[in-house]
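Visitor: Structure provided below as structure tokens; questions to follow.
The values are calculated or read from the model by the stated rules, or taken from the named source; none is laboratory data. Remember, it's a predicted structure, so these values are computed and weren't measured experimentally. So basically every Cβ, Gly included, is an ideal-geometry build from the backbone, and we count neighbours across all protein chains shown. Calculation scope for accessible area: heavy atoms of the full protein, side chains included, ligands and nucleic acids excluded. Shrake-Rupley method; radii C 1.70, N 1.55, O 1.52, S 1.80 Å.
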Amino acid sequence: GAYSERVLVPCHQLFAVPKGMSIAQAAALPSVSGTALHALALAGLWPSLPASRNRAVLVHSAAGGVGSMLVQMAKAIGCHPIVAVVGASHKVAACEALGATAVIDKSKEDLWSAASKAAPGGYCAIFDANGVQTLA
């Protein structure tokens, strides 16, 4: 199981850790990317975008593992605008570098008024891993 010190894995299921990536990052990649892709599929954005013209997405915790993957995947599949939400100013630049069209820093501005300004036509999907406290 996952708590074992050693596991036997068929060699065709193994991949080399890319240069510049730590073992911890490589171990987390399948988990965060799989979760993000599943969320996009549940929202009806994967494997193909809906016929709707509204392709705006809002991603809470956009500087975190799943959130940062959602920003990148949403950009790759053609969502626009991609509005990232962070809780601290030092995370803004990271989200911009990942491809967010706009970044809302909840520590400096009202989340919902900023979200309305960033996508006046509303959102086709809002991704929130924070739970009910975000709605308050």
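Visitor: Only one of these is under 10 Å from the mean Cα position of the chain (by Cα) and either under 26 Å from GLN25 (Cα atoms) or buried (at least 21 other Cβ atoms within 10 Å of the Cβ) (or both): ALA88, ALA93, ALA74. Name it. Break it down stepwise before answering.
Guide: Values: ALA88 fails: under 10 Å from the mean Cα position of the chain (by Cα); ALA93 fails: under 10 Å from the mean Cα position of the chain (by Cα).
ALA74 is the lone residue from the list that is under 10 Å from the mean Cα position of the chain (by Cα) and either under 26 Å from GLN25 (Cα atoms) or buried (at least 21 other Cβ atoms within 10 Å of the Cβ) (or both).
Visitor: Right, something else. Within the set of pairs 6+ apart or on separate chains, which have a first residue in segment 50-64 that is free of Cβ contacts under 8 Å to residues at least 60 places away in the same chain, a second that is in a loop (DSSP other than H, G, I, E, B) and of a type in the set (A, V, I, L, M), and C-beta atoms under 9 Å apart?
Guide: ALA62/ALA100; ALA63/ALA88
Visitor: So SER68 ticks every box in (1) among the polar types (S, T, N, Q); (2) closer than 22 Å to VAL32 by Cβ; (3) at pLDDT below 95 but one. Which box is left unticked?
Guide: Looking at each condition in turn, SER68 falls short on (3).
Visitor: Something else now. Please go through segment 6-40 and pick out each residue that is aliphatic (A, V, I, L, M) and surrounded by 10 or more Cβ atoms within 10 Å (Cβ to Cβ). So that I can check it myself, show each step before the final result.
Guide: Of segment 6-40, the ones aliphatic (A, V, I, L, M) are 7-9, 14, 16-17, 21, 23-24, 26-29, 32, 36-37, 39-40.
Those that are aliphatic (A, V, I, L, M) and surrounded by 10 or more Cβ atoms within 10 Å (Cβ to Cβ): VAL17, MET21, ALA26, ALA27, ALA28, LEU29, VAL32, ALA36, LEU37, ALA39, LEU40.
Visitor: Can you tell me which of ALA51, ALA63 is part of a loop (DSSP other than H, G, I, E, B), on the phi < 0 side of the Ramachandran plot, in contact with a Lys or Arg (Cβ under 8 Å, 6 or more places away or on another chain) and open to solvent by 40 Å² or more (accessible area, probe 1.4 Å)? Steps first, please.
Guide: Values: ALA51 fails: in contact with a Lys or Arg (Cβ under 8 Å, 6 or more places away or on another chain).
One residue alone meets the criteria, ALA63.
Visitor: Being part of a loop (DSSP other than H, G, I, E, B) and over 19 Å from the mean Cα position of the chain (by Cα), is that true of even one residue in segment 24-46?
Guide: No: zero hits.
Visitor: Within the set of pairs 6+ apart or on separate chains, which have a first residue in segment 85-112 that is in a helix (DSSP H, G or I), a second that is open to solvent by less than 70 Å² (accessible area, probe 1.4 Å) and among the polar types (S, T, N, Q), and C-beta atoms under 9 Å apart?
Guide: Partner pairs satisfying both residue conditions: ALA94/SER68; CYS95/SER68; LEU98/SER68; LEU111/THR134.
Visitor: Just to verify a result, which residue in segment 74-84, among those that are of a type in the set (A, V, I, L, M, F, W, C) and assigned to a helix (DSSP H, G or I), is nearest to ASN130 (Cα to Cα)? Give the steps one after another, and end with the answer.
Guide: Pass one, segment 74-84, residues of a type in the set (A, V, I, L, M, F, W, C): 74, 76-77, 79, 82-84.
Still in the running and assigned to a helix (DSSP H, G or I): 74, 76-77.
Details: ALA74: 19, ALA76: 24, ILE77: 24 Å.
Only one residue fits best here, namely ALA74.
Visitor: Right, next: Scan segment 113-122 residue by residue and report those that are surrounded by fewer than 18 Cβ atoms within 10 Å (Cβ to Cβ) and part of a loop (DSSP other than H, G, I, E, B).
Guide: Result: PRO120, GLY121, GLY122.
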